Amino acid sequence: MGLDLRLAVHPAHRREVIATRLVDELESRFRQLDCPRVNLLVMPDNAAGLEFWQVLGYLPHAGRAVLQADTDRQDVTSSRRPTDL
């Protein structure tokens, strides 16, 4: 299992697809390590962050602020929406 502890993009550079590209690279590296799943935490008051991760296919796990996704799912490609939240 992979764990993403922090992903942030400077406010002046948001909506430039930077975060999406970083996640693509992170997932690619996890796949190379045969890591089948990624878990991450999103603070409950971070609505934009939660929406960003959900757009990328990460879903709440056990009703908590933990989101997870399998690295071998079909949507783990550059076909994601080309915008960062």
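The numbers here are math on the coordinates, done by the rules we state, and not lab data. Everything numeric in this text was worked out from a predicted model, so none of it was measured. Cβ coordinates were reconstructed from backbone atoms using ideal geometry, including for glycine residues, and neighbour counts include every protein chain displayed.
Here are the numbers:
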read-out: Additional length obtainable on full extension of the chain from Leu26 to Asp72, 0.36 nm per residue less Cα span; value: 15.3 nm
read-out: Added length on full extension, which subtracts the Cα-Cα distance from 0.36 nm per residue, His61 to His10; value: 15.6 nm
read-out: Spacing of the two label points (7 Å from each Cα toward its C-beta) at Glu51 and Arg37, in nm; value: 2.8
read-out: Base-10 log of normalised Debye intensity for segment 13-70 (one unit scatterer per alpha-carbon) at q = 0.15, 0.25 Å⁻¹; value: -0.46, -1.10
